[in-house]
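One structure is given here, and the rest of the page talks about it.
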There are 2 protein chains.
Amino acid sequence: MTASVTIGEFSRLTHLSVKTLHHYHEIGLLAPARIDASSGYRRYETAQVPVAQLIRRLRDLQMPLAQVRAVVEAPDVQTRDQTLRLHLDQMERELAQTRDVVASLRSMLTLPVGELAVEYRFMPAFRAYAVTDRVSRDSIDEWCESTFGLLGEIAGRYGISATAGATYGDEFFTDDVGEVVGFLPVAPDQPAIDRVGLVDLPASYFAITRHDGPYADFDRTYGALGSHVAEYCEVAPGPIRELYLTGPGDGSAPSDFRTEICWPIQRIPTPKG
Amino acid sequence: MTASVTIGEFSRLTHLSVKTLHHYHEIGLLAPARIDASSGYRRYETAQVPVAQLIRRLRDLQMPLAQVRAVVEAPDVQTRDQTLRLHLDQMERELAQTRDVVASLRSMLTLPVGELAVEYRFMPAFRAYAVTDRVSRDSIDEWCESTFGLLGEIAGRYGISATAGATYGDEFFTDDVGEVVGFLPVAPDQPAIDRVGLVDLPASYFAITRHDGPYADFDRTYGALGSHVAEYCEVAPGPIRELYLTGPGDGSAPSDFRTEICWPIQRIPTPKG
DNA sequence: CTTGACCCTCCGGTAGGCGGAGGGTGGAGG
DNA sequence: CCTCCACCCTCCGCCTACCGGAGGGTCAAG
């Protein structure tokens, strides 16, 4: 019913290279059925072909070996399918993101950089419900989804109509991972509630511009605003803020999103000359 | 019109991490405008923001840095767009392939492995127009497309109705790169022509099965046939052959493709018992 | 003058293997 | 029995595109 083959033959059966089979053996993902004691030659069984092919399929889908291992070692079909579905969802998200980036690249190459309307504004200190986390850039989309889902729900429950926003610590940009605070402004006497804390955001001057469109294009506006600030303002310490005037929570399309980007500055610059 | 900023500020402007900027400096992809001689601090210009953002966009699309370099250093818009289009095409191909693999994975998990109809056949030696190349597995699709496009055109021109095929050296499977020969059988007195050579394929016995469906599923049939051969036959040296009974050249859908996979064996096995 | 936030370089590691060196094995032909 | 050649072994380094951290210099505010 099953026959023993050398690694080279197994390679032909599975379309996995010998080097790859060595690697899978070394990490214990797919060990040969037995190993000749005297020569050290690996012997595989033809019964191992299907699992090797499953691994190959999953790798073709860019699934990391750790997840592949989880799939092939899954104790039951439910667990296995769960992991598979997770990965397919992940891939779908990446696909959507790729489409966004392509669109954004196209617009970047065709549209010239427009005039930048920068406004200087003093924002007084205020209190807010806030979710604070150390977030990496990779996971920022999911984090925002869950955080602003929660804050939006709270806003609805308490009848709060303020604009939600977030602050991004410098680390978030320089190290790709840093403190992010999603906030929803409230009255100073608002009671604290579960799952979100109450924080006080400090007053500061800001150079502010509005970003119109999807979040994938943020860097262009950041670049334009930051360049403006570098040229005309004195930068103040403290995190950059974003105010989500119109976002996914309002049932709008990405092209209708409106976001204010607020760059902390020391003071309102005096006109040059 | 442009201001000088530190690496940290530049990081905020471009959403590239400091480590990444170091790296791009080291490989000479994006060097700071100047470097302070005494402190060694990098100073970037705000004028460099757009190119940094272009790089970021391209990296978001998984473009290798070598290609990114080709784009940002392109002498003119034509060259640049050419490279970009190439990459977008590449991505589109990968997307299509991903869809295939997902479909194939689904079928693999739902459909049980069917009965395998193996036929033993002696194939006499024959002469063929042939294209021989060292091909890697990554590029096999494109190679086949161009090779069988050429052979199909020749077949049309000379009124040859034979079935085209290919041989795949062992290396192709064990090392992911090896000699592949695309062939189109011809009469022994056929004249040689440009761009394709005349080769003589040796006679041999083969264990043969037909693969019905898209090429993404080949490994399953290879595994089934190879397992059968390992169990019942004596393997002969020489490359595996594929005969493309119905393929893309016939205007068929992938699900209608018919391919014979021919595994060289020493002799027709005697029934066991 | 100190403090803390920056910045520097250098070294090592990550995933998922590939490439090659140096050397042992196995079976077929002479 | 010898030899040949294809096959197999292990080990080491390399690849991409960075990340993490150590160890140490720099700069501006207080």
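Throughout, read-outs are computed from the coordinates displayed, never taken from laboratory work. These figures come from a predicted structure and were not determined experimentally. Note that each Cβ is placed from the backbone with ideal geometry, even for glycine, and that neighbours are counted across all protein chains shown.
In Å and on Cα atoms, what radius of gyration and Dmax does chain A show?
26.5, 90
Would you kindly work out, in nm and rounded to one decimal, the distances from the label point of residue B:35 to those of the same position in each other copy, ordered shortest first, with label points 7 Å along Cα-to-Cβ?
For residue B:35, the other copies' label points sit at 4.8 nm, shortest first.
If you line up the long axis of helix B:49-60 against the longest principal axis of chain B, both from Cα atoms, how many degrees apart are they, to the nearest 10?
Here the helix axis deviates by roughly 20 degrees.
Give me the Debye-computed log₁₀ of I(q)/I(0) at q = 0.13, 0.16, 0.17, 0.25 Å⁻¹ for the range B:1-80, equal point scatterers on Cα only, no solvent, two decimals.
Taken in order of the listed q values, log10 I(q)/I(0) reads -0.39, -0.59, -0.66, -1.28.
Taking a cut-off of 41 Å, what percent of all Cα-Cα pairs in the protein assembly as shown are separated by more than that?
Result: 43 percent of Cα pairs exceed 41 Å.
Is it possible to state the helix-based mean residue ellipticity at 222 nm for chain A, with each DSSP H run of 4+ residues giving -39500 (n - 2.57), the sum divided by total residues, to the nearest 500 deg cm²/dmol? What is it?
It lands at -13000 deg cm²/dmol.
For the range B:146-256, report the % of Cα-Cα distances exceeding 18 Å.
Looking at the range B:146-256, the distances longer than 18 Å represent 58 percent of pairs.
Please state, as a whole number in µm²/s, the translational diffusion coefficient that the Stokes-Einstein equation yields for the range B:182-221 at 25 °C and 0.890 mPa s, with Rh defined as the Kirkwood radius across alpha carbon pairs.
Answer, rounded: 180 µm²/s.
Equivalent-ellipsoid semi-axes (√(5λ), Cα gyration tensor) for the range B:45-120, whole Å, largest first?
So the three semi-axes of the range B:45-120 are 43, 14, 8 Å.
What's the average, rounded to a whole number, of partner chain beta-carbon atoms within 10 Å of each residue's beta-carbon in A:167-177?
4
Diagonalise the Cα gyration tensor of the range B:140-192 and give the resulting equivalent ellipsoid semi-axes, square root of 5 times each eigenvalue, largest first, whole Å.
25, 13, 7
Would you kindly derive the ³J(HN,Hα) couplings of the range B:117-127 from the backbone phi angles with the Karplus curve 6.51 cos²θ - 1.76 cosθ + 1.60 (θ = phi - 60°), listing them in order in whole Hz, with x for Gly and Pro?
Whole-Hz 3J(HN,Hα) from phi for the range B:117-127: 8, 9, 10, 9, 9, 9, 10, x, 5, 8, 9.
Nearest to the axis that maps chain B onto chain A: list the chain B residue whose Cβ wins, with the distance in whole angstrom.
Per the B/A rotation axis, the closest residue of B reads B:95, 3.
When every alpha-carbon pair in the range A:89-157 is counted, what percent end up more than 14 Å apart?
In whole percent, the share of Cα-Cα pairs in the range A:89-157 beyond 14 Å is 78.
Using each residue's phi in the range B:190-196, evaluate 6.51 cos²θ - 1.76 cosθ + 1.60 at θ = phi - 60° and report the 3J(HN,Hα) Karplus result to the nearest Hz, with x for Gly and Pro.
Running phi through 6.51 cos²θ - 1.76 cosθ + 1.60 with θ = phi - 60° gives 4, x, 6, 9, 4, 6, 10 Hz.
Tell me, what is the percent relative contact order of chain B, built from C-alpha pairs under 8 Å that lie six or more residues apart?
Rounded, it is 16 percent for chain B.
Given the options A:67, A:82, A:40, identify the residue whose Cα lies farthest towards the positive end of the charge dipole of the range A:1-118 (+1 on Cβ of Lys, Arg; -1 on Cβ of Asp, Glu).
In the range A:1-118, that residue is A:40.
What is the local net charge at residue A:35, summed over the other residues whose Cβ is closer than 12 Å to its Cβ (Lys, Arg +1; Asp, Glu -1)?
Neighbour charge sum, excluding residue A:35 itself: +2.
Can you list, shortest first and in nm, the gaps between the label point of residue A:266 and those of its counterparts in the other copies, using a point 7 Å from Cα in the C-beta direction?
8.9
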